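First the structure, in the form of structure tokens, and then the observations on it.
What follows draws every value from the coordinates through simple rules; no lab data is involved. Computed from a predicted model, the values in this text were never measured in an experiment. Glycine gets a Cβ as well: all are built from the backbone with ideal geometry, and neighbour counts include every protein chain shown.
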Amino acid sequence: MPDTTSDLARNALGFVMALAIGFLVGRTREPSPTQPPRPGVRDFLIISLLGAIAGYIQNSTVFVALFVVTSTMLLLMRAHHPERSGITTELAALATFIIASLCVGEQRQLGAALGIVLATIVARRTELRRFVREGISDDEYVDTLSFLGLIFIIYPLLPKGGFGPFGFFEPRRIWMFVILVSGVSYVGYFLTKFSTPRRGAILTAIVGALASTTAYTTGLARAVRESPESALESTRVGLVGNSIMFPRMLVVVGLVSPALAAGAAPSFAAMTLAGFIAAILLGGSVRSSDASVPVSTFRNPFSLWPALEFGFVFTVVLLLTQVGKHYLGDKGQLVVAAMSGVVDVDAISIALSQFVGQGSTAISTAVEGMILAAATNAVFKSAVVTASGQKTFYFRMMIGFVAMFVTGAVVLFLVSPEQFARLVQ
């Protein structure tokens, strides 16, 4: 015997959700006494109820008929008030009808989510206009469109499978990692762009680590050279940013090989903690002012060239790593890790995580390679910070780097990555 009680409860919940969406959206469109008449809360409640009824009946003819009637009434009301500008209210009403119909079917969760999104869009008109007109430059807009085109147009067209020696060249997989790394950088870029100087120092260090610790450290060195009085403050935020690089590497690697991320966690957590302690001990006070650390700038990571550049580097690293492993075994991978770390730690980290996932590289070897790549990158950044010309800054940064990697090496010696990975799985 069918459970009619549960069916009734589900249907009732669907109608309640539809009416709630009608109220939320209608509340944002309720006209004030000084505005021309337009659909308000009561109208939207009725429209959402009609949409729910159309969805409940599950008859395409009835759905189309009710949708046409609703559209006609909205158009007639709009035509009687030519003094009004725009059709946002009418479009929102039609969207409410369709979303309400989803709420009484199997897609009610999707309907609820879309209803909240719709209500937010119509409620934040001023903020959206300001964001579109002032928040995004023309170059950022065009670059973002170009990159999205590469994701949704080029990516599906890329061939599957491996090509070349050892099958190292996998166009679709390589481009997937390009999207992954650039997406992380995208978050850092816009958080930096929209943060104010007063929030600035630590927030910029965090998002600088998300985007590129090398670029961030280079920016700090330039800032210290121009403002020597910011040396101590720059040391603090610089070490914080470089410490956050390790959790970021774990996140990127964990998306490809959770086992490798688990095995690397003890050493990377220790290096992060050591970096934070070094920042406290070597970076002076926690006070921050608008002029203490100039906010370093980052390029838009969704512009075409940086994406292609990383793809090229990643492809070369894949080839060198495969060749090194084939001819020299695990030691060959470590040599490639040390070399590639100067250019980019993400490329070798993702390559190693792939090999761990395929079972061709041991977790301990991959962890050693990641730490070695990060250490080589730190050596390069140590040379970069000397360009500041301020010993107070670059000596302390170097001491902080040494503390991080000595701590990581000790923990790696004491805690076996394979054993730890098995414990947490």
Listed highest first by mean packing, meaning other Cβ atoms within 10 Å per residue, what order do 33-42, 372-381 come in?
372-381, 33-42
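Place the peptides 95-103, 69-77, 273-281, 122-130 in order of packing, highest mean first, counting for every residue the other Cβ atoms within 10 Å and averaging per peptide.
So the peptides 95-103, 69-77, 273-281, 122-130, ranked by packing, come out 95-103, 273-281, 69-77, 122-130.
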Distance from the Cα centre of the range 27-68 to that of the range 138-153, in angstrom?
36
Return the whole-Å distance between the Cα centroid of the range 346-389 and the Cα centroid of the range 94-110.
48
Student exercise, the range 1-133 dipole from Lys, Arg, Asp, Glu Cβ charges, in Debye to nearest 20:
660
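Can you work out the FRET efficiency for the pair residue 123 and residue 49, with r the C-beta to C-beta distance and R0 = 22 Å, to the nearest 0.05? Before the final figure, lay out each step's value.
Details: r = 21 Å, r/R0 = 0.97.
According to the calculation, E is roughly 0.55.
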Subtracting the Cα-Cα distance from 0.36 nm times the residue separation, let me have the gained length for residue 392 to residue 316 in nm, one decimal.
23.6 nm
